[in-house]
Amino acid sequence: MPTRLGLAALACVALLACPLRAQQTPDDLRSSMQLVVSERLRTFSLARGLSPEPEKIGIAQDLKALLLRQGFYLDRSGPEVLLRRHAVYPLLTWDPNMNGGAENRTLNLGGLIFQVNEDRLARGGLAAGIGYEGQVRLGWSQGRYVELRAQAEASHAPRSELTRTEGRLTLCSRNHVTGWSFADLCLRQTRIDRDITDRFRREAELSVSQLFQTGGTAHEVTLGFGRALGADVSGSFVSVGLDSAGDGMASRLKLTLSEPPQGTSGMDAAFSAEARWNMAGHVAGLGLSVARSAPSPFLGLVRRDLALGLNALYEIRENVLLNVSFSTNRSTVDFFDSSGVQVQISFVLP
């Protein structure tokens, strides 16, 4: 998406020379773009759906704002801060496992029954807390920039006297290659601290993406290669994703294949799908995730898990989301069977 393309798209509006599908008005297009997670797909969709009507200049303004924050208006004088923003927000959540404890009380090993201590069992409850999200972008060339994004949350359940903290840090080099093709390199770290168990994950990923249009729908396909290190993972992974945006609907599909822990054969597989639409002026969505682990040894048994997740979201007000999720895990080792419902009111940067 070179600068010339972005400027030409804006010029189309001014010169009344760009076509627009009759079934979608400019206001509909701007509203639909609020549903799209991918910033590049929003840019592509707006550029391809510009209105020939001069009074609909709002689309051009939205497009220019997106191009500015992605570095397509940089001159050659040197690095420039493209974006700097942060927010502190309240949290309210219902979490059935605040402490990271065991979901089941007993472990059956070939007829031998072991019982988990009471203080090691999962406990949860209603928790309140505070969160922070910040983002900085430094542009260094046309359509190329470095981005640092940090998120931190801390919540406390007073009834069960449990505290949970979570932090995420992402550093990415995002690069326009040619046309609507891009290449990115990202380093990510996530850490969750709970009373009984902590979890962390570090990963490095190189990804390439291509945007295109079929009929009245815009798409972004992404292929990623990376390596992860964590409490229960250490190995390479490959992923392929497809984001799409059409009339009043946006969707995201992703498939990931990962190396299982050392000493295990096969591959871990995870698939997720999400759809978003406009409901009475608010964003609504449904998501599905399925994950299957490779068989692994566990105290003389063979363990293989199948996890299923369902998620519903609703935009209460601008950038404030209500999330309700259900997750279940079925394992060949009964001790790892689990299910639960989590409810959270969260904030997201636009």
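The values are calculated or read from the model by the stated rules, or taken from the named source; none is laboratory data. Bear in mind that the values here come from a model prediction, so they are computed numbers and not experimental data. Here the Cβ positions follow ideal geometry from the backbone for every residue, glycine too, while neighbour counts run over all protein chains shown.
Structure values in brief
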quantity	calculated
Pick from segment 123-146, criterion closer than 30 Å to Leu185 by Cβ and small (Gly, Ala, Ser), ranking: surrounded by the most Cβ atoms within 10 Å (Cβ to Cβ)	Gly139
Number of the exception - Ala250 against (1) among the small types (Gly, Ala, Ser); (2) surrounded by 17 or more Cβ atoms within 10 Å (Cβ to Cβ); (3) out of contact with any Lys or Arg (no Cβ under 8 Å at 6 or more places or on another chain)	(3)
Residue tally, condition of a type in the set (Lys, Arg) and out of contact with any strand residue (DSSP E or B) (no Cβ under 8 Å at 6 or more places or on another chain), over segment 116-137	0
Selected residue (criterion: modelled with the lowest pLDDT) from residues of segment 171-187 that are surrounded by fewer than 16 Cβ atoms within 10 Å (Cβ to Cβ) and touching a strand residue (DSSP E or B) at 6+ places or on another chain (Cβ under 9 Å)	Gly179
Among (1) within 19 Å of the chain's Cα centre (by Cα); (2) surrounded by 14 or more Cβ atoms within 10 Å (Cβ to Cβ); (3) over 23 Å from Ala47 (Cα atoms); (4) not polar (S, T, N, Q) - the single one Leu286 does not satisfy	(2)
Test: Phe200 is within 19 Å of the chain's Cα centre (by Cα), aromatic (Phe, Trp, Tyr) and over 29 Å from Ala275 (Cβ atoms)	yes
Counted residues, segment 331-350 - those being of a type in the set (Val, Ile, Thr) and not in a strand (DSSP E or B)	3
Meets criteria (surrounded by fewer than 17 Cβ atoms within 10 Å (Cβ to Cβ), in a strand (DSSP E or B) and in contact with a Gly (Cβ under 8 Å, 6 or more places away or on another chain)) for Thr190	yes
All positions within segment 18-69 that are hydrophobic (A, V, I, L, M, F, W, C), out of contact with any helix residue (DSSP H, G or I) (no Cβ under 6 Å at 6 or more places or on another chain) and modelled with pLDDT of 80 or more	Val37, Leu41, Phe44, Ala65, Leu68
Which listed residue is touching a residue at least 24 places away in the same chain (Cβ under 8 Å) and either in contact with a Pro (Cβ under 9 Å, 6 or more places away or on another chain) or under 18 Å from Val37 (Cβ atoms) (or both), from Ser155, Ser234, Ser181	Ser234
Failed condition for Glu259, given (1) more than 30 Å from Gly111 (Cα to Cα); (2) of a type in the set (D, E, K, R); (3) in contact with a helix residue (DSSP H, G or I) (Cβ under 9 Å, 6 or more places away or on another chain)	(3)
Leu74 modelled with pLDDT under 90 and exposed (fewer than 15 other Cβ atoms within 10 Å of the Cβ)	no
Residue tally, condition farther than 17 Å from Ile316 by Cα, surrounded by 16 or more Cβ atoms within 10 Å (Cβ to Cβ) and polar (S, T, N, Q), over segment 265-280	1
Those residues of segment 284-322 which are polar (S, T, N, Q) and either over 16 Å from Leu35 (Cβ atoms) or not in a strand (DSSP E or B) (or both), in sequence order	Ser289, Ser293, Ser296, Asn319
